[in-house]
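Visitor: Following this message is one structure expressed as C-alpha cells.
Just so it is clear, none of the values below were taken in a lab; they were calculated from the coordinates. It should be emphasised that the depicted structure is a prediction, and the values quoted were computed from it without experimental measurement. Using ideal geometry, Cβ is built from the backbone for each residue, glycine included, and neighbour counts are taken over all protein chains shown.
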Amino acid sequence: MNNTTIKSAIETMKERHSVRKYTKHDMPQEDLQDILEATITAPSSWNLQHWKFLVVQSDSQKERLLPITYNQQQVIDSSVTIAVLGDLQANHNAEKVYGEVVEKGFMSPEVKDILTNQIHGAYTNDQFARDEAVMNASLASMQLMLAAKTKGYDTVPMGGFDRAAFKKEFNVPERYVPVMLISVGKAAADAHGTLRFPLDEVVTYETF
C-alpha cells in the first residue's frame, strides 16, 4: 500500500462526522451498490460474515420506520437508512464458507472439519453467539460509514430505536438481532462540533 492510499484513508476517517440534517437526494443505485460492496469486505470472526442489511429507501417504508426511531427526522430526509443486523446463527455459514475454500484447494477437508466443529461448539453458548453478532456487525457498520464518506455521502449511526418494534414491523427473522440503523445521504448542514479525548487519556502501553 502506498503512502497516498494510507493518507486518503486516514483523511476519510477524520472527515467523517455524524450528520443529522439531510437534503432530499435520490441516491443512484450504483452508489448504494458500491457502498454495500465495500461494506461486506469487512473482517469477521472465522470469516462467517455475521451481518445482514435491510435497506429502507422508499417513502412509504421510511414513514413506517419513523415512529420506531422516536421520530428522528433523518430517517425521512436522508437518501436511505440501512438497518445493520447481526447473525445469531452465523455458525450455519461455516459449511458454505469453508466448503468453497476446500473446493479451491486453499484448505484441506481435515482442517475444514476441525474448524467447523470448533465453530459449532462455540455457538452452543447463546451469549457468545450474541456477542459475536454485535461485534462483527459493528465492524461492517463502521466500514459502511467510511465507504459512504468516500462516495461523497454523510451518515449517522443510530442506536436509539425500538428494536422489538423494528423486528415486528419489518418481519425480521429471529435469527437476526438489530445492531444499529445508519442513515446515509447528502448533508444539509454541517455536523455538530465534537471533541475527542487526547491520546494520553485513552491509550496506555503494555499494561495498566
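Visitor: Regarding segment 1-119, what whole-number volume in Å³ per residue does the convex hull of its Cα atoms give? Spell out each step's value before the answer.
Guide: Working: hull volume 20.9 nm³, N = 119.
Considering the Cα atoms of segment 1-119, their hull volume per residue is 176 Å³.
Visitor: Something else: Once you have all Cα-Cα distances for the chain, histogram them in 10 Å bins from zero and send the whole-percent values.
Guide: Taking all Cα pairs of the chain, the binned fractions are 8, 28, 32, 23, 9, 1 percent.
Visitor: By counting other Cβ atoms within 10 Å of each Cβ, how are Ser58, Ser183 ranked from fewest to most? Numbers along the way, then the final one.
Guide: Working: Ser58 10, Ser183 30.
Listed from fewest to most nearby Cβ atoms, that is Ser58, Ser183.
Visitor: I want to check the label-to-label distance for Arg64 and His192. Put each point 7 Å from Cα in the C-beta direction and report it in nm to one decimal.
Guide: Result: 3.1 nm between the two label points.
Visitor: Between Thr12 and Gln57, what length comes free when the chain is fully extended (0.36 nm per residue of separation minus the Cα-Cα distance, one decimal in nm)?
Guide: Using 0.36 nm per residue and subtracting the Cα-Cα distance, I get 13.7 nm.
Visitor: Per DSSP H run of at least 4 residues, take -39500 (n - 2.57); add these up for the chain, divide by its residues and hand me the 222 nm value, nearest 500 deg cm²/dmol.
Guide: -13500 deg cm²/dmol
Visitor: Considering Cα pairs under 8 angstrom that are at least six residues apart, work out the relative contact order of the chain and quote it in whole percent.
Guide: So the answer I get is 35 percent.
Visitor: So how much slack lies between Phe106 and Thr207, counting 0.36 nm per residue of separation and subtracting their Cα-Cα distance, in nm?
Guide: On the way: separation 101, 0.36 × 101 = 36.36 nm, distance 3.79 nm.
Extra length from Phe106 to Thr207 when fully extended: 32.6 nm.
Visitor: Evaluate the distance, in nm, between pseudo-label points positioned 7 Å from the Cα of Thr41 and of Ala164 along their respective Cα→Cβ axes.
Guide: Spacing of the two 7 Å Cα→Cβ label points: 4.1 nm.
Visitor: Under 18 Å from a point 7 Å along the Cα-to-Cβ line of Lys24: which residues of segment 158-191 have their amide N that close?
Guide: 184-189
Visitor: Scan the chain and hand back the longest stretch that contains none of the GluC sites (Glu not before Pro) lying in DSSP loops with at most 15 other Cβ atoms within 10 Å. Write down the numbers at each step before the final one.
Guide: Numbers: sites that count: Glu174, Glu206.
Excluding the exposed sites themselves, the longest stretch runs over 1-173.
Visitor: What distance in nm separates the simple spin-label points at Lys96 and Arg130, each placed 7 Å from Cα in the Cβ direction?
Guide: In this crude label model, Lys96 to Arg130 measures out at 2.5 nm.
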